[in-house]
Each structure stands twice: as C-alpha cells, then as structure tokens.
1. Can you classify the chain as rounded, prolate or oblate using the Cα gyration tensor, where a ≥ b ≥ c are the square roots of its eigenvalues, rounded means a/c under 1.5, and otherwise it's prolate if a/b beats b/c and oblate if not?
2. Using alpha carbons only, how many degrees (0 to 90, rounded to 10) separate the axis of helix 72-83 from the longest principal axis of the chain?
3. Quick check on the chain: of the DSSP beta bridges with both residues there, what percent are antiparallel, nearest 5%?
4. What is the distance, in nm, between label points placed 7 Å from the Cα along the Cα-to-Cβ direction at residue 85 and at residue 19?
5. Students often get this wrong: which residues of segment 80-98 have the backbone nitrogen under 13 Å from the point 7 angstrom along Cα-to-C-beta of residue 233?
6. With contacts defined as alpha carbon pairs under 8 Å and 6 or more residues apart, what's the relative contact order of segment 316-396 in percent?
7. Would you kindly state how much longer the chain becomes between residue 65 and residue 309 on full extension, computed as 0.36 nm times their sequence separation minus their alpha carbon distance, in nm to one decimal?
8. So how much slack lies between residue 56 and residue 386, counting 0.36 nm per residue of separation and subtracting their Cα-Cα distance, in nm?
Ligand code: PLP
Ligand code: TYF
C-alpha cells in the first residue's frame, strides 16, 4: 500500500528548522521560525509559568479525562482575556469556548465545524498569510482564495484593495483575519480600518474568523484585542482562534482555544454541542497540563501581573531589536531604507529581501530566513544583531 507513496513537501517554515539544526556553523542564526528567544538566544520558561507549575506539582493532582471542551476555569479565563472581563457578550452567554491544541488546533476545529455549517463556502485568507492557513482550510474541504493585503510599495496594508475585494465576496464566504501582529508581514489594520472591515462583513453577510496568535506582542493585552472589541460591539456572529504558544512561551504544551460568538445563550448551547461533536471525533478531549497552568496564572492576580510584566518584557525586547536593526543597517550604509522594520508589529518583518538574498544569507552566513523574505525579530539579540546587520548589508 505504500509502494507508490510520494514525498510530501516540507512545511516551508518548520522545514527550515531541520536545515538550521543540521548546520554546524557556530555563528548560525535562525530568523525563520516564529518563536521568541531571550537575549541569550534561549527559549524562556516564564516565571509565572514556573510558579504555577510548582504549585501544581506539589498538589500532584490525578489525571482523569478532561471535559470534551476543556475545563470551565480555562475556558472562562480565555474568554475574559480575549473579550475583557466585563464583556457584555460573556454576560449574555453569547460566547462558546473550547480548549484546543494550540491556535492550529483551534483553527482546525473551527474549520471542521464551519464545513458542516457552510459546506459550499469559499475561505478567503490575506495575501500573503501564514502558510498553514491555506493548507488547513483546504484539508477541511474548502476552496481557499485570497484577498489583497500587503502592499510591497508602502510596506503596509493596501486597505483600499482589501476593502474593495471584501465588498464583492459571495454571501456566506468565510474571511480569515489576523487580529494583530500579522504573520508574515507585520502590517496591521488600524481601528478605523477594522470598523470598515466589519461594515463589509455585515453588508456582504460574510463569516469572520479571527486568528489571534500574538495577543500582547504589539501594544499590550488590552490594546491588541481592538479588532475583537469592535466585532463584539457589532452584534455580528464570528469565530476566534487564540493561542498561548507565544504569549506564555508554552509552544510544545499546545494550549489554545476556539471561541464562537453566537446571537444568544440558546444558540450557544446548540453550537457548543456541535463543536463538542467535532472534538470528540477528532481527539476526544484536550490534554490537561498546559491549560491548567494558563488557567491558574490567569486566575491569580499576582501571577497574572507577573505574566503581563514578562509579556511586556518580550514585547519591548522585540521592539528594541527592530529599532536596533534599523539603526545598524543605516550605520553600515545599507543601500536601502529599512525604517519600516521599526513600524511593523509583532514578531515578523517582511524585509523585501529576495529569494537569492535569503539564499546568500543562509549559504554564506548561516542566517536562516523564510524564502519570502520574512524574518523573526524575536530571534535577534545583543550578541547576534551586529553579525546579522553585517550580513544583510553584504547581500543587498
Ligand atoms: N496562527 C498564526 C497566525 C500563527 O502565526 C501561528 C503560529 O504558530 C498559529 C496560528 C498557530 O499557533 P500554535 O502554535 O498555537 O498552534
Ligand atoms: O509562522 C511561524 O513561524 C510560527 C510557527 O506549520 C509555525 O507560526 C510555523 C509553521 C507551522 C507551525 C508553526
């Protein structure tokens, strides 16, 4: 049965990790994958996580099955974080939340449920988007098309083109939106632009699916949920996938959530029953540890503050790397203005480096970037930033 099996293509980003790991140069730098490293180039274990884990380890709780949708403590913690503790949606019982295996798992449960709900819909993702968005919705059985997003000339969003496209979509189309820290471009919408997107979604009867994998990495927990706040106020129904992989540095624990905003408490009851069916026939119920840690950090005023401080530390360090890289490239007389890098938000920048330049960075310097020119600023640190600035200047 396997004789005719062909090799599947590697994930363009995770595949880079394999090449990076195999590289023996000591000066190598991995700007490929979207992972936050500290100034020593180490993956951090946050102090708030450490504290919560210590308590949990001492309690030695038994390991029964979790509810299909995860525990109420976790799901309510997520809801308060992404919609705000005093959200009217929550008071009205209009939000269904299920713990998921990271943001990816949340997208997958949402995609499978949407396939039952809207079997003939087309899914629209931004051009460009995170590579897995297309693959995931295609695997769920949807045709996937794009809406215009990034404008290479301005290094920002071509909002007029995006809006014009959304205004022509067939009713019932699904539109995948990045809440903040757009992956891969680092270019986000303003609050005023979000309001216009919401009007287009309302007018065309579209279904918004908002992916929030980087809450807290642009301006802060509250600031970064502006898109959700505006959607919440709109009265529309929508989907949200959220992830704690980056914000809690819990990548391998697979902690995320799918939230579905319905029109009423009664709808929520029915929608939850359907989401549970999707989960049950997929992996039955989520793992315990990561969700329990996040839930206990969010529930404790002290740990929550510690986490927010640590998250702010990560955010500010990335910003410092952005401005540092801009300054260092300018100092070296780089034949291009890179000031846009400091304006982009989150972990990534679309540098405009060509495939050939990215290849040279890898071959000559051991610096790994995605072929599209995307770099992860969170992998820069005070020790490697000069080397990276030298290398980029050299390949320009
Ligand atoms: N969505 C976007 C835009 C991402 O960049 C990522 C990155 O990993 C994810 C979803 C998936 O998050 P997770 O690692 O929690 O599955
Ligand atoms: O875009 C990134 O680098 C992160 C990590 O299939 C990632 O979102 C990349 C590819 C993938 C899963 C996670």
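1. Note, shape of the chain comes out prolate.
2. The two axes meet at around 60 degrees.
3. 50 percent
4. 4.8 nm
5. Under 13 Å, as judged by backbone N against the label point of residue 233, lie 88 of segment 80-98.
6. 38 percent
7. In short, 84.5 nm is gained.
8. Contour length minus Cα-Cα distance gives 114.6 nm.
The numbers here are math on the coordinates, done by the rules we state, and not lab data. Given the structure is predicted, the values throughout are model-derived calculations rather than measurements. Ideal geometry is used to build each Cβ from the backbone, glycine not excepted, and the neighbour counts take in all protein chains shown.
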